[in-house]
Amino acid sequence: MACFFCSDEYKNYYQFITELEECIVLLNNEQTYEGRCALVTKKHATELFELDPQVLSTYMAEVAQVARAVKAIFKADKINYYICGDIDQHLHMHIVPKHKGGSEWGQAFLMSGREVFLSEEKYSRLVEKIRAALSTT
């Protein structure tokens, strides 16, 4: 079975934002949590411990960089970080901005079945906001 992120299949579910040293930053098409992104490692791995220590350090610094930008842009009260990979077994972390009183506040990020999709114009605006914020950090 081909890897979802190593193939082009992921392009049906994500918008490309930018490429950093150790990961590709993607905007999820599903936007219940406006600004939800995924950071996909460039090198195929399934677990954090499979990464070389320097790669892991850089990847986690990039996670922090993207999370900081997303939190500021979307005025999130908290960022949830989500790694599972049971199905898409290529290491990636979701950055999920959450707001007090908003969807699933005080609960785990569950992707609970309701889905929010945007217009191409709105995706483009979100991508540009995040890209611009990352280029200044």
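Per the listing His94, His90, His99, the residue uniquely over 23 Å from Phe5 (Cβ atoms), surrounded by 10 or more Cβ atoms within 10 Å (Cβ to Cβ) and modelled with pLDDT of 90 or more is His99.
Output the residue which, of all residues in segment 1-43 that are small (Gly, Ala, Ser) and under 10 Å from the mean Cα position of the chain (by Cα), is surrounded by the fewest Cβ atoms within 10 Å (Cβ to Cβ). The residue in question is Gly35. For segment 74-81, the count of residues that are more than 28 Å from Ser7 (Cβ to Cβ) and in contact with a Gly (Cβ under 6 Å, 6 or more places away or on another chain) is nonzero.
Filtered by the rule that a residue be hydroxyl-bearing (Ser, Thr, Tyr) and surrounded by 13 or more Cβ atoms within 10 Å (Cβ to Cβ), segment 102-137 gives Ser103, Tyr123, Ser124. State whether one or more residues within segment 64-80 are of a type in the set (A, V, I, L, M) and in a loop (DSSP other than H, G, I, E, B). Looking through segment 64-80, at least one residue is of a type in the set (A, V, I, L, M) and in a loop (DSSP other than H, G, I, E, B).
Of all residues in segment 31-59, those satisfying the criterion of being outside any helix (DSSP H, G or I), more than 15 Å from Val127 (Cβ to Cβ) and in contact (Cβ under 8 Å) with a residue 24 or more places away in the chain are Thr32, Tyr33, Val40, Thr41, His44, Ala45, Thr46, Glu47, Leu51. Scanning segment 33-60 for residues that are of a type outside the set (Asp, Glu) and closer than 17 Å to Ile130 by Cβ yields a count of 7.
The values are calculated or read from the model by the stated rules, or taken from the named source; none is laboratory data. These numbers come from a predicted model, not from an experiment. Here Cβ is always computed from backbone atoms with ideal geometry, including for glycine, and neighbour counts include all displayed protein chains.
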